Amino acid sequence: MVEVTEIFPFPILECDANCRLTSINARCRDLLDELGIPHDQFFRVLPSRYASIIKKVVKEGETHEGRKRIQGHVLRFACIPSRELALIFINDVTREEEFQTQLIQSEKMASLGLLAAGVAHEINTPMGAIRSNTDILSRAVRKMRQLIDTQHNREVNKLLGILDEVCRNNDVAAERIMSIVGSLKNFARLDEADRKKVNIHEGLDSTLTLVRHELTHRIQLVKQYAELPEIVCFPNQLNQVFMNIVVNAIQAIREHGTITIKTFRDHDSVKIAISDTGTGIAPENLGRIFDPGFTTKGVGVGTGLGLSISYKIVQNHRGKIDVESSGHGSTFTITLPLKDSNESRTKQAQHTHDSAGR
Amino acid sequence: MSREQSKHNIPTILLVDDEEMVLTSIKSFFAIEGEYNVLTYTSPAQALADLDQAPHSIDLVISDYLMPEMDGLKFLTKVKERFPLVPRILLTGYADKKNAINAINNVGLYQYLEKPWDNDNLRLVVRNGLEKTLLLRQLQYKILEAERAQRELSDVHKDVMRVFA
């Protein structure tokens, strides 16, 4: 028995009804070592209900399948009875789940890009008509002024004044719509799924336009942009990172507060620091915020994927994200290198190609 | 057509867009700011059918790109077959540079405008396009005139040669 499990290419361990370890194979020893768990302590990291589960497996011949996140690893296991003992097969599915998460998120971004392009196109036609009509109205008002003796017709003069005002107002409103559509297109950058040299401030500003409705009145936005060189990156992916962090910052501020976005150059890299005056991250959660699936926002609000995806994206750009947090708020600092390597280019191109699915 | 004649003729623009709101807006604009006669169609096929009925009345064509029965490039290609000299303008909400370059090369577009359009710019483009039509027509007229003069001259030449022969 021991010999067979020893060479088995999956982590396996064996225990008695009281969760006492009786045997463990080489793969399982490696896995527990990697997780920093002493071999005989494995059952300690499992939820307490496992004591009764293992008992049932051994005494009643039941089987059990479970999934548990330990130290950033996602483990699936199957427990089956084996004479007077329980055999536990472990499968480390961290990579698979991470990959799936990334795939889902990439698909989401691709759909958003298509949606944005579609919306922009659909809006352009009615928008063209509205802008043109407003222009025609103000031209008509001008011509009417020349035709009517407005000095002796104060009512008409007043009405023409109102028409002028309304036309100007319409223009401002139309410009706003145009800029939102522009930001949406710029944010998704469907046409630029490839690596490109861009000014990251453009991406930041597009992102901020899209979350503007969340900021108004409640949150003050402070931008401190430094003069930065353009960087070679995947702009649509970085925009997604900015969006995730800014949305978190907004949600961290319960009532009134400030979000500060500061960019600066530091040697051979650019840094983007996004700070909020929110509630901060609990110290015990600080180590887990980049884990896929970890969220404190509750079901239906957070997916727990935003920061883990952001982390991966920045990592793929050979950069890093640092977090500082206290009860007075948090600061996420994104560091991106100015020089980029061929290695990450190939890897990224592959990823984009796979995920875009087109 | 000579310059003298054209002064008395109001230029005619053919405008095709499947969206009525675009037609109404552009027609209203030219009613207030231009001295143009604007024919509007929501159907490119109907526009072509009517063009075949009255072939000489069109001075410029503006077409939308995405339309259900026929896209703007196909429509403008058909217009080009009938009237190679009439300037063709594509007015599109589908901002795509590749598309634009294709259009300009294949259809021989005079101009490519994006929605939402700017009325002043539209007027300028239309005015220049009409000017181009006029110049081309004048040029064609001059060429015909020159050819006729040359024929006459060569007839005179023949007569002279006959006299001296």
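With the requirement that a residue be at pLDDT 90 or above and either away from chain A (no Cβ under 14 Å) or touching a strand residue (DSSP E or B) at 6+ places or on another chain (Cβ under 8 Å) (or both), what does the range B:114-123 give you?
Here is the first cut: in the range B:114-123, the residues at pLDDT 90 or above are B:117-123.
Across the range B:114-123, the qualifying residues are B:W117, B:N121, B:L122.
Could you go through the range A:154-167 and let me know if any residue there is within 14 Å of chain B (Cβ to nearest Cβ) and crowded, with 17+ Cβ neighbours inside 10 Å.
Yes: the range A:154-167 contains one or more residues that are within 14 Å of chain B (Cβ to nearest Cβ) and crowded, with 17+ Cβ neighbours inside 10 Å.
Looking at A:L238, A:L184, A:L215 in this structure, which one is open to solvent by less than 40 Å² (accessible area, probe 1.4 Å), within 22 Å of A:K108 (Cβ to Cβ) and touching a residue at least 24 places away in the same chain (Cβ under 8 Å)? Even if it seems obvious, please write down each step before you answer.
Working: A:L184 fails: open to solvent by less than 40 Å² (accessible area, probe 1.4 Å); A:L215 fails: within 22 Å of A:K108 (Cβ to Cβ).
One residue alone meets the criteria, A:L238.
Can you name the residue in the range A:125-149 that is among the charged types (D, E, K, R) and facing chain B (nearest Cβ under 8 Å) and is also most open to solvent (accessible area, probe 1.4 Å) among such residues? Spell out the reasoning first.
Taking the range A:125-149 and keeping what is among the charged types (D, E, K, R), we get A:131, A:135, A:139, A:142-143, A:145, A:149.
Keeping just the survivors that are facing chain B (nearest Cβ under 8 Å) gives A:131, A:135, A:139, A:143.
Values: A:R131: 53, A:D135: 40, A:R139: 14, A:K143: 78 Å².
The qualifying residue most open to solvent (accessible area, probe 1.4 Å) is A:K143.
Please give the number of the condition A:G203 fails out of (1) open to solvent by less than 80 Å² (accessible area, probe 1.4 Å); (2) over 24 Å from A:R176 (Cβ atoms).
In the conditions (1) open to solvent by less than 80 Å² (accessible area, probe 1.4 Å); (2) over 24 Å from A:R176 (Cβ atoms), A:G203 misses (2) alone.
For the range A:208-260, name all the residues that are charged (D, E, K, R) and in a helix (DSSP H, G or I). If you could, list the steps in order and put the result at the bottom.
Looking only at the range A:208-260, we keep the residues that are charged (D, E, K, R), and these are A:212, A:214, A:218, A:223, A:227, A:230, A:254-255.
Across the range A:208-260, the qualifying residues are A:R212, A:E214.
The rows are residues; the columns are (1) small (G, A, S); (2) free of Cβ contacts under 8 Å to residues at least 40 places away in the same chain.
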residue: B:M21; (1), (2): no, yes
residue: B:A31; (1), (2): yes, yes
residue: B:P44; (1), (2): no, yes
residue: B:A47; (1), (2): yes, yes
residue: B:I62; (1), (2): no, no
residue: B:M67; (1), (2): no, no
residue: B:K74; (1), (2): no, yes
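Taking the range B:113-142, which residues are part of a helix (DSSP H, G or I), more than 13 Å from the chain's Cα centre (by Cα) and not hydrophobic (A, V, I, L, M, F, W, C)? Step through it out loud before you land on a result.
Step one: of the range B:113-142, the residues part of a helix (DSSP H, G or I) are B:119-142.
After this cut, where a residue has to be more than 13 Å from the chain's Cα centre (by Cα) as well, the list is B:119-124, B:138-142.
Result: B:N119, B:D120, B:N121, B:R123, B:Q138, B:Q140, B:Y141, B:K142.
Quick check on my filter: what residues within the range B:72-112 are more than 15 Å from the chain's Cα centre (by Cα) and within 14 Å of chain A (Cβ to nearest Cβ)?
Step one: list which residues in the range B:72-112 are more than 15 Å from the chain's Cα centre (by Cα), which gives B:74, B:92-103, B:105-106.
Correct list: B:T92, B:G93, B:Y94, B:A95, B:D96, B:K97, B:K98, B:N99, B:A100.
Anything in the range A:251-275 that is of a type in the set (V, I, T) and surrounded by 18 or more Cβ atoms within 10 Å (Cβ to Cβ)? List them, or say none. Give the steps one after another, and end with the answer.
Residues of the range A:251-275 that are of a type in the set (V, I, T), as a first pass: A:253, A:258-261, A:263, A:270, A:272, A:274.
If the condition is that a residue be of a type in the set (V, I, T) and surrounded by 18 or more Cβ atoms within 10 Å (Cβ to Cβ), then A:I253, A:I259, A:I261, A:T263, A:V270, A:I272, A:I274 are the ones that fit.
From A:E107, A:E84, A:E122, A:E96, which residue is within 14 Å of chain B (Cβ to nearest Cβ), open to solvent by 20 Å² or more (accessible area, probe 1.4 Å) and charged (D, E, K, R)?
A:E122
The values are calculated or read from the model by the stated rules, or taken from the named source; none is laboratory data. From a predicted model like this one, the values you see are computed outputs, not experimental measurements. For neighbour counting, all protein chains shown are included, and Cβ atoms are generated from backbone atoms with ideal geometry for every residue, glycine included. We work out accessible area using only protein heavy atoms, side chains counted, and drop any ligands, DNA or RNA first. Shrake-Rupley method; radii C 1.70, N 1.55, O 1.52, S 1.80 Å.
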